[in-house]
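Here it is, the structure, as structure tokens.
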2 protein chains.
Amino acid sequence: MDRKERRRFKRKEPLNLQVTDIAARLQEGQASALSKAITLVESRQKDHRRSAQAILAEVLPNTGDAVRIGISGVPGAGKSTFIESFGLYLCSLGHKVAVLAIDPSSPVSGGSILGDKTRMEKLSRHPNAFIRPTPSEGEFGGVHRKTRESLLLCEAAGYSVIIVETVGVGQSEAEVRDMVDFFLLLALTGAGDELQGMKKGILELVDAIAVNKADGDNLERALSAKEEYSRVTMGITPATSGWNIATLTCSALYQEGLEDIWKLVLSFADETRQSGVFDCRRRNQAGKWLQAEVRRALVERFMKDGDVQASLKLLEERVREGTALPSMAAHELIDVYFSLNKK
Amino acid sequence: MDRKERRRFKRKEPLNLQVTDIAARLQEGQASALSKAITLVESRQKDHRRSAQAILAEVLPNTGDAVRIGISGVPGAGKSTFIESFGLYLCSLGHKVAVLAIDPSSPVSGGSILGDKTRMEKLSRHPNAFIRPTPSEGEFGGVHRKTRESLLLCEAAGYSVIIVETVGVGQSEAEVRDMVDFFLLLALTGAGDELQGMKKGILELVDAIAVNKADGDNLERALSAKEEYSRVTMGITPATSGWNIATLTCSALYQEGLEDIWKLVLSFADETRQSGVFDCRRRNQAGKWLQAEVRRALVERFMKDGDVQASLKLLEERVREGTALPSMAAHELIDVYFSLNKK
């Protein structure tokens, strides 16, 4: 063996018995094993990370079979109630449903904690449902490794519908779009204020808009909001090639419209699988995730270099004083590093 | 001289005559020279970039003297009218005002083109005002090098107030916060729908909120919106240490409230200069910019390596097939690269 091969051979350590056990029980559908695995994924400890990677490598062949649905909506649109109602409906059809979240808001600003079981208590108690709160750490470059890896684990554990919830802070809708098949926006009043306040560009990410709270006194308003969304979305290039953005109404509280939404998701999956768009998107998502991870690992490793740290410190001082331009200083640092380190 | 020194000496090419000329005229305040320099900054051509860097290096000592104000607001809040009125007011006081913009929205979604002179026609014709439309290219990692470098050029050209406008798409408010001293949010109706729709976290970035269109029939509503914002912002940790978020009303159309806003900015500058917060923030902003540029240059250089491109292609195929996990694949790639390339 040459040097490269010897190094790779050494790295194939025998799987830790505990890891093998967790992976096996997870693939049998045991929620406790799934929880443990996700905890390892979220951990910052090196040995936990290694175990998590080992479990993921082990179960990877059994991923990919679920329908991945992203759900976003302005605060007050009723996301928790919706996800709970929708989740319970899917469970009643025999599905296993997992709910994950992306929410970088700080608790300081009063941001709700997504995936909080107390907000979806009934669902959290259903034996075929699995709810996981948002991982505590923010993500560099929006790659959301923890949520993506948790999603894969849920699939390996047999969950057939994975819901990724987000509250629309920063780039989170774009990030959710990058990890799901179908993106549903839960709306409330429709256009006017809501549309104005809505981040431009979100309509170009969605596959369907459901106007919630279409019940009682609010019914007419909801129907008219739906019409408004239909009009607004006509001029938009859809996120999914060959699919027209659908608009519906629903009432999460009274469990109305949920069947229509699920039928829509199934049509979507059928059509896009037939056209090849479904698989194409998943492959692109995986490719983008790889690119993001490479960038992250690269920067991490680079910043560990002692010489780099020293140079960076000096450059930072000059930049802070205003005697060096960041873009020039950065290029010089990289130039020097790469010319010194060329093999 | 040792190898390092010889390399650095060779790089100090004599400044191109045209570059010297542009830099000189720019520092004399000639708007045409400033335009040329910004065009070079925005260009993708290598020789243009080099000239841009040379000009920036030349004028860097003359930067830092302006007040940098960020302005954001929901669509419809009246940003163009406000910036025009406010800009003209500042010009009337003898200031030279520059307006730059960050707007990653695609024209497809009907996004307004910020910094569009046709929306601020009167201001664009004032001899002491300079308006530059959004640079056409989006930015990796939100560093907005082009806008930041344009800002420095404007300062070197003698503009005493630089306004950076953004429409609040994606992370643009956070990015504007990272390049200005004072951040003003232009609001319309106040809380309720507007606040709900507003991205969580933006209130933690602002130094003042001005409720616009406080005139005619809308006056009462504007005043009550101002009160609502005062209440809401009481519980928020201010973006600027030692400064309480101010709330005001104004009418851009009737040029009311502009003096108060300017007085507020001046107080802010005074107080924060005294407390040291002003300089501290600028130094941190420069440091962050450097970090972002280093990451960008690093990734760019890394991706140029032939071996990397080949490995990446193979890994991407495996990841897309679902036979490799992005996070693991990325780390392996980086590990191999760094161990092969160690000096």
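The values are calculated or read from the model by the stated rules, or taken from the named source; none is laboratory data. A quick note: this is a predicted structure, and the numbers were derived from the prediction, not measured. Reconstructed Cβ throughout: ideal geometry from the backbone, glycine too, with neighbour counts over all protein chains shown. Surface areas here come from the heavy atoms of the whole protein model, side chains and all, with no ligands, DNA or RNA. Shrake-Rupley method; radii C 1.70, N 1.55, O 1.52, S 1.80 Å.
Could you say whether any residue in segment B:307-316 is of a type outside the set (D, E, K, R), part of a loop (DSSP other than H, G, I, E, B) and over 23 Å from A:Leu340 (Cβ atoms)?
Within segment B:307-316, none of the residues are of a type outside the set (D, E, K, R), part of a loop (DSSP other than H, G, I, E, B) and over 23 Å from A:Leu340 (Cβ atoms).
Any idea which of B:Leu266, B:Leu290, B:Leu253 is under 30 Å from A:Ala324 (Cα atoms) and open to solvent by 30 Å² or more (accessible area, probe 1.4 Å)?
When all the criteria are applied, what remains is B:Leu266.
Filter segment B:297-338 down to the residues that are at the interface with another protein chain (Cβ under 7 Å from one of its Cβ atoms) and among the aromatic types (Phe, Trp, Tyr) and list them by number.
B:Phe302, B:Phe338
Quick check: anything in segment B:305-313 of a type outside the set (Ser, Thr, Tyr), within 23 Å of A:Cys280 (Cβ to Cβ) and crowded, with 19+ Cβ neighbours inside 10 Å?
Yes, segment B:305-313 has at least one match.
For residues that are among the charged types (D, E, K, R) and away from chain A (no Cβ under 14 Å), scanning just segment B:247-296, find the one that is farthest from the chain's Cα centre (by Cα).
Per the criteria, the residue is B:Glu256.
Restrict the check to segment A:159-166 and report whether at least one residue is surrounded by fewer than 22 Cβ atoms within 10 Å (Cβ to Cβ), in contact with a Lys or Arg (Cβ under 7 Å, 6 or more places away or on another chain) and at pLDDT below 75.
Looking through segment A:159-166, none of the residues is surrounded by fewer than 22 Cβ atoms within 10 Å (Cβ to Cβ), in contact with a Lys or Arg (Cβ under 7 Å, 6 or more places away or on another chain) and at pLDDT below 75.
Right, B:Ala246: closer than 25 Å to B:Arg231 by Cβ and among the aliphatic types (A, V, I, L, M) or not? Before you say what the answer is, go through the steps one by one.
Values: closer than 25 Å to B:Arg231 by Cβ: yes; among the aliphatic types (A, V, I, L, M): yes.
In short, yes.
Consider segment A:32-54. How many of its residues are in a helix (DSSP H, G or I) and under 20 Å from the mean Cα position of the chain (by Cα)?
Total meeting the criteria: 12.
Among what's in segment A:236-265 and is in a helix (DSSP H, G or I) and out of contact with any strand residue (DSSP E or B) (no Cβ under 8 Å at 6 or more places or on another chain), pick the residue that is nearest to A:Glu175 (Cα to Cα). Please lay out each step first, then the result.
Kept after step one, since they are in a helix (DSSP H, G or I), are these residues of segment A:236-265: A:258-265.
This time we only want the ones that are out of contact with any strand residue (DSSP E or B) (no Cβ under 8 Å at 6 or more places or on another chain), so: A:258-259, A:262-263.
Details: A:Leu258: 25, A:Glu259: 27, A:Trp262: 23, A:Lys263: 25 Å.
Applying the filter and picking the extreme gives A:Trp262.
Does any residue of segment B:59-68 turn out to be open to solvent by 10 Å² or more (accessible area, probe 1.4 Å), of a type in the set (Gly, Ala, Ser) and at pLDDT 90 or above?
yes
Name the residues in segment B:221-234 that are open to solvent by 10 Å² or more (accessible area, probe 1.4 Å) and away from chain A (no Cβ under 14 Å), would you?
B:Leu223, B:Ser224, B:Lys226, B:Glu227, B:Glu228, B:Ser230 - these are the residues of segment B:221-234 that are open to solvent by 10 Å² or more (accessible area, probe 1.4 Å) and away from chain A (no Cβ under 14 Å).
Quick one: would you say A:Ser275 is within 21 Å of A:Asp65 (Cβ to Cβ) and open to solvent by 40 Å² or more (accessible area, probe 1.4 Å)?
Here the answer is yes, as A:Ser275 does meet what is asked.
Residue under question is A:Val99, and the condition is that it be outside any helix (DSSP H, G or I), crowded, with 22+ Cβ neighbours inside 10 Å and of a type in the set (A, V, I, L, M); does it hold?
Here the answer is yes, as A:Val99 does meet what is asked.
So which residues in segment A:13-30 are at pLDDT below 95, part of a helix (DSSP H, G or I) and surrounded by 15 or more Cβ atoms within 10 Å (Cβ to Cβ)?
Hit for segment A:13-30 is A:Val19, nothing else.
Only one of A:Asn212, A:Asn218, A:Asn244 is away from every other protein chain (no Cβ under 14 Å) and surrounded by 14 or more Cβ atoms within 10 Å (Cβ to Cβ); which?
Going through A:Asn212, A:Asn218, A:Asn244 in turn, the sole match is A:Asn218.
Quick check, is A:Glu300 touching a residue at least 24 places away in the same chain (Cβ under 8 Å), within 26 Å of the chain's Cα centre (by Cα) and in a helix (DSSP H, G or I)?
no
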